[in-house]
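Notes to accompany the following structure.
The values are calculated or read from the model by the stated rules, or taken from the named source; none is laboratory data. The structure displayed is predicted, hence computed values, not measured ones. Note: ideal-geometry Cβ built from the backbone for every residue, glycine included; neighbour counts use all protein chains shown. Protein only, heavy atoms only, side chains kept; ligands, DNA and RNA dropped before computing areas. Shrake-Rupley method; radii C 1.70, N 1.55, O 1.52, S 1.80 Å.
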Amino acid sequence: MSIVNGKGIFDAARSGHYAVGAFNTNNLEWTRAILAAAQETNTPILIQTSMGAAKYMGGYELCLNLVQQTVKSMGITVPVIMHLDHGNYEAAKECIEVGYTSVMFDGHDLPFEENLEKTKEIVALAHAKNITVEAEVGSIGGEEDGIIGEGELADVEEAKKIAATGVDYLACGIGNIHGKYPANWKGLHFDRLKELAAEIATPLVLHGGSGIPKEQIQKAISLGVSKVNVNTECQLAFADATRKYIEAGKDLEGKGYDPRKLLAPGTQAITDIVKERIDWFGTPEVK
Ligand SMILES: [Zn+2]
């Protein structure tokens, strides 16, 4: 199957009270690992590149080609969405031009009116090419200067205005955090999520899915979250498995230094964690 946009998939998830996972790729191994998990579970999947990962890999066109060609060479039959994660205005426009099937325009750090105007503009450009769009209101917490902040909760009125632009999915800050969660984290703000979901029919997106306990993720999904982003969890799984391989001295045995051997345990660990998350999210099999 060729890659598709996110439209039908996430609307079905919202009305069916399940979520579809969005997993960040960094290279060939990551791409293969994520696609293998989707194929083995026979479920749709979203692969995304951050601006930093795309720069690292050699640009958006290369990332798109990598995913398209890997889908083809692995004989992937489930729907795969190719998405830009946290794009600024220029990156979103470039990915629309290059042919991603979905883009996130993240204008949360702009003054609200500017976020609204630019989101409208990106929606018009993207929808003209049958590309789906994610926008963001409030902010996702994260580490800055060594301090982990909780982010800013999404304002319901602002979220309604952004949703009215016709975005296909909406990321809302509800106390979620990118990266590792601090020990004193207070948990997701379900009251705010309920208020948002009551007013907005657009599928909602939970960023920072790594490190949120399973019960909280599943509760958020039951309340209207349809897309859950996972990145750090895959990085930790890859690093752990690779470290074990090297600490066990396996790279020193025979041709254990061969990258196809050295990177295999980490790649398998990504597939395993993606499959586990697909199970948590309740993503149903493709019929
Ligand atoms: Zn995010």
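Charges only on Cβ, +1 for Lys and Arg, -1 for Asp and Glu: so what's the dipole of the chain about the Cα centre, in debye to the nearest 20? Please list the in-between numbers first.
Numbers: 27 positive and 39 negative charges, 225 e Å.
Approximately 1080 debye in magnitude.
What is the sum of charges, Lys and Arg at +1 and Asp and Glu at -1, for the other residues whose Cβ falls under 11 Å from the Cβ of THR25?
-1
For the chain, modelled as a GNM with alpha-carbon contacts under 10 angstrom, which of LYS93, LYS250, LYS161 fluctuates the most?
LYS250
Quick one: among ALA92, ALA183, ALA239, which has the greatest mean-square fluctuation in a GNM of the chain with alpha-carbon springs under 10 angstrom?
Comparing ALA92, ALA183, ALA239 in a Gaussian network model of the chain, the most mobile one is ALA183.
Taking GluC sites (Glu not before Pro) that fall in a DSSP loop and have at most 15 other Cβ atoms within 10 Å as cut points, what is the longest piece of the chain between them?
1-151
So what is the relative contact order of the chain, in percent, for Cα pairs below 8 Å that sit 6 or more residues apart?
For the chain, the relative contact order is 22 percent.
Any chance you could check the Cα centroid distance between the range 1-48 and the range 245-282 for me, in angstrom?
21 Å
Counting only heavy atoms of the protein chains, get the accessible area per residue of the chain (1.4 Å probe) and round it to a whole Å² value.
Result: 44 Å² of accessible area for each residue.
Projected onto the charge dipole of the range 6-281 (+1 at Lys/Arg Cβ, -1 at Asp/Glu Cβ, origin at the Cα centre), which of TRP185, ALA91, PRO79 gives the Cα projection farthest towards the positive end?
So the residue we want is PRO79.
Calculate I(q)/I(0) for the range 6-281 by the Debye formula, one identical point scatterer on each C-alpha and no solvent, and give its log10 at q = 0.07, 0.08 Å⁻¹ to two decimals.
Listed by q, the Debye log ratios stand at -0.24, -0.32.
Just add up the charged neighbours of THR232: K/R +1, D/E -1, any other residue whose Cβ is under 14 Å from the Cβ of THR232.
Charge balance near THR232 sits at -2.
Give me the net charge for the shell around ASP168: Cβ to Cβ below 9 angstrom, other residues only, Lys and Arg +1, Asp and Glu -1.
Residues near ASP168 contribute -1 overall.
Starting from 0.36 nm per residue, how many nanometres of slack lie between LYS261 and LYS180 once their C-alpha separation is accounted for?
Additional length available on full extension: 26.3 nm.
Using a 1.4 Å probe on the protein chains only, how many percent of the accessible area of the chain belongs to carbon and sulfur?
52 percent
Based on DSSP, what percent of beta bridges with both residues in the range 6-281 are antiparallel, to the nearest 5?
In the range 6-281, DSSP labels about 10 percent of beta bridges as antiparallel.
Please check: in the Gaussian network model of the chain (C-alpha springs, under 10 Å), which one of LEU188, LEU35, LEU46 has the largest mean-square fluctuation.
Looking only at LEU188, LEU35, LEU46, the biggest GNM fluctuation is shown by LEU188.
Rounded to the nearest 20 debye, what is the charge dipole size of the range 1-63 about its Cα centre when +1 sits on each Lys and Arg Cβ and -1 on each Asp and Glu Cβ?
The calculation lands at about 120 debye.
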